[in-house]
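The values are calculated or read from the model by the stated rules, or taken from the named source; none is laboratory data. In this text, all values refer to a predicted model and were calculated from it rather than measured experimentally. Glycine gets a Cβ as well: all are built from the backbone with ideal geometry, and neighbour counts include every protein chain shown.
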Amino acid sequence: MPINPANNSPQTIFITGASSGIGEALALFYAAPGVTLYLTGRNAERLRAVTDLCGQQGARAESFLIDVTDRAGMERLLLRLDAAMPIDLVIANAGISGGTGAIGGESADQVREIFATNVDGVFNTVLPLMPVMTTRGCGQIAVMSSLAAFTGWPGAPAYSASKAAVRIFGEALRGSLRQSGVKVSVVCPGFIESRMTAANEFRMPLFMPANRAAAIIARGLANDRGRIAFPWPTYLMSGLIGMMPLALSSKILTKLPQKAAIVQDK
């Protein structure tokens, strides 16, 4: 159910990776009369479909076909949009995943591609807006991490490492920007319905529909929660494994099913 824009919710929202998964669900959740949505993605057809649906819900929605790894392009786009209408909330959601499959390791190209999207893509989305938001003394930043950020999953080394980098960056940024009036939240979901999880051929505990995840995320952002991690049983287990001695956690994690060595986006 869309939130009411009259209740101090963000009026102008920029979301990356909005063509599917959590990004699409967040766009549809926020779409309402009086709300402006700027949506980016790499698939023109899916992005256009999401944008049209948001418009049907009364939002002013615009789509931009751009890759978050394009640093200069992202900066130009963000600053142009913000100059025309200040962005209240930016959600750095775009991400990709990939595993080791049966080859016993990731290729160098896959590792670099995952880090370029999941880490540099977050930087390219967040950093251009930080100076203007701090100058205004308001604004909100949300970065998409994962419960995989709390330990190193042997089946997806680059993915878990990239999400750990995003989590630590976001949590440190929250403290760094606290006095400026800019809010920062780190989102750490478990297994959520998306193109990314559709590639998994193993059982995913507490698998959650994307629209339910979007509602949890939006509620957490409205309450200015620094870390929005869910579902809580998976969060608890991830945290406990992350605190174990490496010899013990490795023994547990190596028994988990391997993720396909195919890069999938959200």
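If you go through region 175-196 and keep only what is in a helix (DSSP H, G or I) and buried (at least 19 other Cβ atoms within 10 Å of the Cβ), you end up with just Met196. The numbered conditions (1) farther than 23 Å from Ala116 by Cβ; (2) surrounded by 15 or more Cβ atoms within 10 Å (Cβ to Cβ); (3) not acidic (Asp, Glu) are all true for Gly95 except (1).
Could you tell me whether Ala61 is surrounded by 21 or more Cβ atoms within 10 Å (Cβ to Cβ), at pLDDT 95 or above and assigned to a strand (DSSP E or B)? Considered against the rule, which asks whether it is surrounded by 21 or more Cβ atoms within 10 Å (Cβ to Cβ), at pLDDT 95 or above and assigned to a strand (DSSP E or B), Ala61 comes out as yes. Among the residues making up region 12-52, those that are over 19 Å from Ile217 (Cα atoms) and over 13 Å from the mean Cα position of the chain (by Cα) are Pro33, Gly34, Arg42, Asn43, Ala44, Glu45, Arg46, Leu47, Arg48, Ala49, Thr51, Asp52. Restricting region 179-216 to residues that are at pLDDT 60 or above and charged (D, E, K, R) leaves a set whose member that is farthest from Lys163 (Cα to Cα) is Arg212.
Of the residues screened, Asp82 is one that is of a type in the set (Asp, Glu), in contact with a helix residue (DSSP H, G or I) (Cβ under 9 Å, 6 or more places away or on another chain), touching a residue at least 40 places away in the same chain (Cβ under 8 Å) and buried (at least 20 other Cβ atoms within 10 Å of the Cβ). Within region 128-143, can one find any residue that is part of a helix (DSSP H, G or I), closer than 23 Å to Phe230 by Cα and not polar (S, T, N, Q)? Checking region 128-143: not a single residue is part of a helix (DSSP H, G or I), closer than 23 Å to Phe230 by Cα and not polar (S, T, N, Q).
Restricting Gly55, Gly121, Gly73, Gly104 to those that are at pLDDT below 95 and either of a type outside the set (D, E, K, R) or within 23 Å of Val182 (Cα to Cα) (or both) reduces the list to Gly104. The set of residues from region 212-233 being out of contact with any helix residue (DSSP H, G or I) (no Cβ under 9 Å at 6 or more places or on another chain) and in a helix (DSSP H, G or I) comprises Ile216, Arg219, Gly220, Leu221, Ala222, Trp232, Pro233. Taken over region 155-178, residues that are within 17 Å of Gln110 (Cα to Cα), at pLDDT below 95 and of a type outside the set (A, V, I, L, M, F, W, C) amount to 4.
Residue pairs whose Cβ atoms lie under 7 Å apart, separated by 6 or more positions or on different chains, with the first residue in region 18-38 and over 13 Å from Leu53 (Cβ atoms) and the second among the acidic types (Asp, Glu) and modelled with pLDDT of 95 or more, are Tyr38/Glu62. Candidates are the residues of region 20-42 that are modelled with pLDDT under 95 and outside any helix (DSSP H, G or I); the one that is surrounded by the most Cβ atoms within 10 Å (Cβ to Cβ) is Ser20.
Scanning region 148-163 for residues that are assigned to a helix (DSSP H, G or I) and either under 16 Å from Gly226 (Cβ atoms) or not hydrophobic (A, V, I, L, M, F, W, C) (or both) returns Ala149, Phe150, Pro157, Tyr159, Ser160, Ser162, Lys163.
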